[in-house]
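Here's the structure, in structure tokens; my notes come after.
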Amino acid sequence: MFTYILRRTLLMIPTLFLISVIAFAVIDLPPGDYLTSYVAQLEAQGAVVSEEQILALQKRYALDQPAHVRYLNWIWRIVRYGDFGQSWNWNRPVRELLAERLPFTIGVSVTTLVFTYLAAIPIGIYSAVRQYSWADYIFTTAGFLGLAVPNFLLALVLMYVFYRYFGVSIGGMFSPEFRDAAWSMAKFRDLLNHLWVPIIVIGTSGTASLIRTMRGVMLDELGKDYVQTARAKGLSEIVVIVRHAAKVAVNPIISVIGWTLPQIISGEAIVAIVLNLPTTGPLLYQSLLTQDMYLAGSFIFILSALTVIGTLLSDILLAWIDPRIRFDREG
Amino acid sequence: MNTDQSLPTTQTKHSLTIDWEDVKPKSSSQGQLMFRRFRKHKLAVAGLVVLCLFYAVAVFNGFVATSDPAKRNSSYVYAPPTLPRFIDHEGNFHFRPFVYGLKSRIDPDTWERVYEIDHEKRHSLSLFVRGDKYRILGVFESDLHLFGTADGAPLFLLGTDSLGRDMYSRIVAGTSISLTIGLIGVFLSLVLGLLIGGLSGLVGGTTDLVIQRIIEILASIPQIPFWMALSATVPASWSPVQTYFAITIVLSLLSWTRVARVVRGKFLALREADFVMAAYAMGAGNWWVIIRHLIPNFLSYVLVTVTLTIPGMILGETSLSFLGIGLKPPAISWGILLQQAQNMRTIALRPWLLLPGVFVVIAVLAFNFVGDGLRDAADPYTSNRF
Amino acid sequence: MKEVDDILQVRNLRTYFRTDNGLVRAVDRISLGVRRGETVGIVGESGCGKSVTALSIMNLVRPPGRIVAGQILYRSGDGSTTDIAKLHPNGRQMRSLRGNNIAMIFQEPMTALTPVYSIGDQIAEGVMLHKKLTRRQARERAIEILGKVGIPSPEKRIDDYPHQFSGGMRQRAMIAMALSCEPEVVIADEPTTALDVTIEAQILRLMKEMQSQLDLSIIMITHDLGVIAEMADRVNVMYTGKIVEHAQTDDIFYNPKHPYTLGLLQSIPTIGDKRRLTPIRGAVPNLLTLPEDVCYFAPRCPYAMEICAQAEPPMYQVGTAHQCKCWLYEGNEVVAV
Ligand SMILES: Nc1ncnc2c1ncn2[C@@H]1O[C@H](COP(=O)(O)OP(=O)(O)O)[C@@H](O)[C@H]1O
Ligand SMILES: [Mg+2]
């Protein structure tokens, strides 16, 4: 098990490298010299920018060097100093902004992931066992709808419905009185009161596709020989379904965390913009609109790295619960 | 009782022949089989019909629209939808559908324009009326519209936007961009996916490993932030057509992996498949194997994947344009139309601005149904996985 | 056919599948009996309904299939008789019989074990259920039975997972699982088809050993006449969902009555036989498209007569404990079931 984890962790390095290259491409891609635009922006604000300051900035970002040197400079500063560069729009280190927003992104994403699985697995099992029952049809229809409604539209519709029929405006992560308050029981409760909206909005499409996957895998498993063996032992149907078929069917479901997680983080970005959540999404959006590319590139890098790490964790989890993988990869 | 009777020992051939051949099912080609199975899938057939309709509208949008989508009516800003009726306010039935006109006044408190139905003005609708000029496919000019008010009074079936433009005509106009961006994007993904996936599956070895790894990495990148970042780098100075193609390229950059995975998997599986073995064993030449067995089987899978990739692209374009970093006005797409619905106040007062979303949902549903039907038809033995 | 000491009697059993393409009469009015301690063979080509027969006896037929008519009488040790066909498939009574009184060994040892549980857990599961043992006792029982079926150092292998066992070992584990609750009847559905010839011989020997130790009745299902010759006391020959001949094993081999049985015998190679092998001409007909009330073997039968295409033959008594369903024996006593 240990060697397996070690090997998987090492395999992650080239992945992270490639992701960092892509992220850097995002930083580097916009035409024009962003230092110039930065300086222009500072001057427009009335600041006086000296020649030395410009030179210092040029040196810091290696702007006079070719692209691969700039990349190495960028990645070196991240790895060595944790320095993601400077957000020109906010005039603060990107690292600080990340530290503020990232915990919320991770929190919302992980909660949504848990919600997605908790909802999808039992529903998928039920749909498979009662294939073609009215409940199966309802879940299937709901699943198709969940896949077809864009996240942001669902958020807008929910906002409209709540405003129109309940007179409340949903959105944000905290009520105004808690926004800047220190953490307390009351603040936590306030958070839970707000959190369900983004969870439902972000989780719907993931849950929908996961239900379909779970149903499909479960149908496959229910048709396999070992299910009949289990029945032939005299086990009751519920034991056969839960302890045997579902136990096997859940494994591939866990292995698709690898693509459920990117989907959730992806959906989170846009939903957060609509619902005005204090996560990375709105900041990424603003940074893109204002061409604040160090901030944007760092977000892309960090978000992708998060999904890669999340996938790694899910693979380790899978190896831990599925003996076939555990022994195959160890031996 | 004769219990020692034994069978005659020689092959006494009796003349009796029983022919049950004619009750055997007729053999048919893979395509025919697939079509027959597809037809059983009611939702898929419905989805296909809807898609055909939508694409017909995309081509003939000027004809289906009731007015020029860019035409502004300053006296009808944010007018609510006026749906056709058959029964008037006094309860009389009219054989011909009609709409009432709108009266507007400025609310003295809020300074908002408020609309009321004007029962005095009844405009009946008719088919094939003359109205604003338009071009079909940019070539044929016409002013004939599928329907409209008989007296030429303005018709706002689905309301108007902030500039008094007719939402119905704009949604119809948006069909062309919203539905084709997925098609072109999927075509690019298909080309990339076929090339790279084919290479991976055919060459194998290290090439395969490296490509698989890259695909894995691309699959772990969250799509929307990545799309956002890339499309934000599209210069604002580009023309709508340039932007359109830039966005399709952005959308296909992550989507080809899905096609590539299917192509590779199929190549590997097909190389080993029993029926290919059987064809070899029977002395079929290489090309015969490929044409007769590999291609049809393979195409059906690619078709399924492609059909299921399009909705993601439609959703992608809609999301990007909604955020204002995809296509930009004056281009018209469903995502651009939804841009106006960004803030709560607007939605609360003018919920009809969300209507383009309904069309997005219908189109995506239709594609998903058709894709599901195709998958079941292509491979009836495995249930819907992944 | 009405033996007093039959432990299991199947009478006029019909199991049909209602499919999209039509009704499949997979098992169509078959009758057979099994005595205490004997091995009854069921032999026939693939698709003739052997597995469906086995599943019917276990009352494990799943939709779209259903036992439509007939009786499956099980006479337990205390003398009480149960009609399995009348029990609810998932009901308490049926479940207390399954695994406990009647056990089954499946064809594919590769897929018939749940991949995510250790062999020991899977054996213990049934023991705990039926014998009301604790987890520890069940585990000891599992080790003991694994040792009996010839798994070396069972106390170590018990925690292995199915994929760590070879095919032959898995089939031994399946047998261990089937025998773990000391059933009276074991249904073995092609237990050796998926195995090598040498392993096959070992497994068959094991089954015989277990039978004499535990006084088992075995229903041996196979398409291989060699296995029948090795194992069975009596044989039922099955074709398209019907039993066409039933006899002592010796009679089947040395005095076959039904043209189909003869065809099966002629299509197996025997050492020292100079005659050429003659496979049965034609193929097994599609059960879906069969007309009713004919002899289904007639199109392939070298002895076919006019009547074969007009009416279904009854079962004739053609010798001591020898029945055959063929118009060639018209005039013999008809067996009533
Ligand atoms: N689940 C099912 N659905 C439809 N038909 C079935 C099903 N299971 C078995 N059959 C049909 O029943 C017949 C007998 O099958 P089976 O008992 O498995 O044959 P075998 O003698 O090879 O064990 C076959 O023709 C098969 O088509
Ligand atoms: Mg079978």
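A few comments on the model shown:
- Counting Cα-Cα pairs of the stretch B:71-165 in 5 Å increments starting at 0 gives whole-percent bin shares of 3, 12, 19, 21, 18, 13, 8, 4, 2, 0.
- Projected label distance in nm at A:LEU72 and B:PHE187, using a 7 Å step from Cα toward the beta-carbon: 4.3 nm
- Length gained on full extension, C:ARG136 to C:ASP78: 17.9 nm, using 0.36 nm per residue less the C-alpha separation.
- Kirkwood Rh, angstrom, the protein assembly as shown [1 / mean 1/r, Cα pairs]: 34.4 Å
- For C:ARG36 and C:GLN213, a Förster radius of 22 Å and the Cβ-Cβ distance give a FRET efficiency of 0.90, rounded to the nearest 0.05.
- Computed from the C-alpha gyration tensor, the three semi-axes of the ellipsoid equivalent to chain C are 35, 22, 19 Å, from longest to shortest.
- Radius ratio Rg over Rh of the stretch B:26-123, counting only Cα atoms, Kirkwood formula for Rh: 1.24
- Rounded to the nearest 20, the size of the Cβ-charge dipole of the protein assembly as shown about its Cα centre is 360 debye, with Lys and Arg at +1 and Asp and Glu at -1.
- Computed over the stretch A:211-290, the P(r) tail beyond 17 angstrom holds 60 percent of alpha carbon pairs.
- Relative contact order [Cα under 8 Å, 6+ residues apart], the stretch A:59-137, whole percent: 11 percent
- Rough spin-label spacing in nm, given labels placed 7 Å along Cα→Cβ, for C:GLU155 and A:PHE162: 6.3 nm
- With viscosity 0.692 mPa s and temperature 37 °C, the Kirkwood radius over alpha carbon pairs of the stretch B:173-378 converts through Stokes-Einstein to a diffusion coefficient of 175 µm²/s.
- Shown for chain A are the DSSP H helices of 24 Å or more along their axis, judged by Cα atoms, with a mean Kyte-Doolittle hydropathy of at least 0.5: A:2-28, A:94-129, A:185-222, A:257-275, A:293-321.
- Size of electric dipole in the stretch B:71-165: Cβ of Lys, Arg +1 and of Asp, Glu -1, about Cα centre, debye, nearest 20: 360 debye
- Neighbour-count ranking [beta-carbon atoms within 10 angstrom, fewest first] of B:PHE367, B:PHE95: B:PHE95, B:PHE367
- Reach of B:LYS103 by Cα under 19 Å, taken over lysines that are not fewer than 8 positions away in the same chain: B:LYS121
- Quick note on chain A: its Rg to Rh ratio, both from C-alpha atoms and Rh being the Kirkwood radius, is 1.06.
- Whichever lysines have a C-alpha closer than 30 Å to that of B:LYS40, once near sequence neighbours (fewer than 8 apart) are set aside: A:LYS224, B:LYS24, B:LYS26, B:LYS266
- Translational diffusion coefficient (Stokes-Einstein; Kirkwood radius from C-alpha pairs) of the stretch A:65-140 at 10 °C, 1.306 mPa s, in µm²/s: 96 µm²/s
- On the beta carbon distance between A:LEU10 and C:ARG66, with R0 = 35 Å, the FRET formula returns roughly 0.05.
- Cβ-Cβ FRET estimate between A:TRP196 and B:ARG96, R0 fixed at 45 Å, reported to 0.05: 0.35
- Of the residues C:MET305, C:MET174, the one with the fewest other Cβ atoms within 10 Å heads the list, and the complete ranking is C:MET305, C:MET174.
- Taking 4.7 Å between C-beta atoms as the pairing limit, chain C has these partnerless cysteines: C:CYS48, C:CYS181, C:CYS301, C:CYS324, C:CYS326.
- The per residue volume of the convex hull around the alpha-carbon atoms of the stretch B:126-228 is 159 Å³.
- Value of relative contact order over chain C, rounded to a whole percent, pairs C-alpha under 8 Å and six or more apart: 19 percent
All of the numbers you see were taken from the coordinates with simple rules; none came from a lab. It should be emphasised that the depicted structure is a prediction, and the values quoted were computed from it without experimental measurement. Positions of Cβ are backbone-derived with ideal geometry, glycine not excepted, and every protein chain shown enters the neighbour counts.
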